[in-house]
Every structure is written in structure tokens, then in C-alpha cells.
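Below is one structure, written out as C-alpha cells; the observations come after it.
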Amino acid sequence: MITMHEFDTIEKIYTSLLNIGGRLPERVYIRLSKLNGNPDFVKFAIESMVKGTPLEKIKLEFIEVKPKIRCPTCGYEGEIEAPAHARFIRCPLCNDTVDIIDGKEIEILVRE
Ligand SMILES: [Zn+2]
């Protein structure tokens, strides 16, 4: 089953690829975490969508990062294992709600 997060992520990547103007780049790096959906599923979906189109020639490099959090209450900072459907992430030490400092937004980097 596809989650809303995955749908957004897939749409964002695909739109970015479609919006590349001029000559197609050799590589596109896609940095994402489990907060953006299941990285394997996202990769599979994008590769299926570009198949048979000119975008197929672009080498897509998916880089999975672990989400990083900072707890404003106890100061804990670190990487976490996030379930694909995580909405609210809590501090492993004090169980308070945390700030996500990395891995929240997907990053798409085009390399000529
Ligand atoms: Zn804490």
C-alpha cells in the first residue's frame, strides 16, 4: 500500500526530473530517509515511471540517510530508526516530542 508520504515523495522526484531543462544530466542524487517513505519502494516507483522515456538515461543515485533528531527537553541528539509511517517521533530518553534536524525533507541534486 502506498502512503501519502510516499506519494508526495514520488511526485516530487518525478516532477523534478521532468523539469530538468536542456541537456539531461548524467546523474541525479536523491537523498531521502524513511520519513519520506520506504526508500526501496520510492526507488522502484521512480524507475518504473521513467522506463521507456528519455529520463531513463539518467543515472539515479538514491542515498538513504537516517533521520536525525534533537530533543528540546533533555538535549538528546542522534540518529533514529524511523518506521515508514512515523508521524510523531519521540525522544528515546525522555519520551518527549523532538525536532527533526535531518532527513525530513527530500533533497534532489542534479549533476551534469
Ligand atoms: Zn529527550
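Every number in this text was worked out from the coordinates using simple rules, so none of it is lab data. This structure is a prediction, so every number in the text was calculated from the model and none was measured. With ideal geometry, Cβ positions are generated from the backbone for all residues, glycine too; neighbour counts draw on all protein chains shown.
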- Message: For the pair ARG90/PHE7, report the inter-label distance in nm, with labels modelled 7 Å from Cα in the Cβ direction.
- Response: 2.9
- Query: Fewest first, what order do LEU17, LEU93 take by the number of other Cβ atoms within 10 Å?
  - Reply: LEU93, LEU17
- Task: Can you pull the one-decimal nm distance between simple spin-label points at ILE63 and LEU24, each 7 Å off the Cα toward Cβ?
- Result: 2.2
- Query: Taking the Cα atoms of the chain alone, what are Rg (to one decimal) and Dmax (as a whole number) in Å?
  - Reply: 16.0, 51
- Message: Run lengths n ≥ 4 of DSSP H only: what is the helix-derived mean residue ellipticity at 222 nm for the chain, with -39500 (n - 2.57) per run over all residues, to the nearest 500?
- Response: -7500 deg cm²/dmol
- Note down the net charge around PHE62, summing +1 for each Lys or Arg and -1 for each Asp or Glu among other residues with Cβ under 12 Å from its Cβ. -1
- region 37-109: trypsin sites (Lys or Arg not before Pro) falling in loop per DSSP and having at most 10 other Cβ within 10 Å: LYS51, ARG87
- Query: If we count every other residue with Cβ under 15 angstrom of ARG111's Cβ, Lys/Arg +1 and Asp/Glu -1, where does the sum land?
  - Reply: +1
- What aspartates and glutamates could a cross-link reach from LYS51, if we take a straight Cα to Cα line under 17 Å and drop same-chain neighbours fewer than 8 places away? GLU11, GLU26, ASP40, GLU61
- Task: Calculate how many DSSP beta bridges within the chain are antiparallel, expressed in % of all such bridges and rounded to the nearest 5.
- Result: 65
- Query: Taking the Cα atoms only, what angle lies between the long axis of helix 39-50 and the longest principal axis of the chain, rounded to 10 degrees?
  - Reply: 20
- Query: Name the GluC sites (Glu not before Pro) in region 48-83 that are in a loop by DSSP and that have at most 16 other C-beta atoms within 10 Å, would you?
  - Reply: GLU81
